[in-house]
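Data block below; observations after.
Bear in mind these aren't lab numbers, they're just calculated from the coordinates by the rules spelled out. These figures come from a predicted structure and were not determined experimentally. No Cβ is skipped: glycine too gets one built from the backbone with ideal geometry, and neighbour counts run over all protein chains shown.
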Amino acid sequence: MRPGKDSGPSGPTSACPRKAVDMAPDDRETGAQNAHQLRRKGLKQFLAGYFHQDFDLEGDADAVIKRYIEDAAAETLREVLEEIRELLGRSLDEASLEKLFTLKLFCAYDPTVDGWTYASWLSHVEETIAGSWESKRGRS
């Protein structure tokens, strides 16, 4: 058995209790994979760091977003806003967004549990951050 090839799931996605996503070998070239080729460092740090497997112990999704806004610098918020807007502009389908969130951005939150689609929740996150970014930017 070769480590990483035949040993089974490992890493942050296998510990995600929210949503398991099977990725067949032919899915390697999906829109989610191609979309991730673009820069998403800030968005990944936000989603993986704040929406980790135990995020719900710290509050609901909106409370987590607000905590991130309080913690992040204005410049970081601007970068994340740009990344969210770029991602939304790609008009990916829900299946591609789900794979991107789960397999590439390591987000343990499943917005469909709360009645959102991935795209609508991402728009909500963008609006929430944008609403706070202007005032935070003025204080920096």
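Summing charges over neighbours of HIS124, with a neighbour being any other residue whose Cβ is under 11 Å away from its Cβ, gives -4 when K and R count +1 and D and E count -1. Using C-alpha pairs below 8 Å separated by at least 6 residues, the relative contact order for segment 80-138 is 43 percent.
Rounded to the nearest 20, the size of the Cβ-charge dipole of segment 36-140 about its Cα centre is 540 debye, with Lys and Arg at +1 and Asp and Glu at -1. Considering segment 38-139, its Cα convex hull presents a mean projected area of 6.0 nm².
The relative contact order of segment 38-139 comes to 41 percent, based on Cα pairs under 8 Å that sit 6 or more residues apart.
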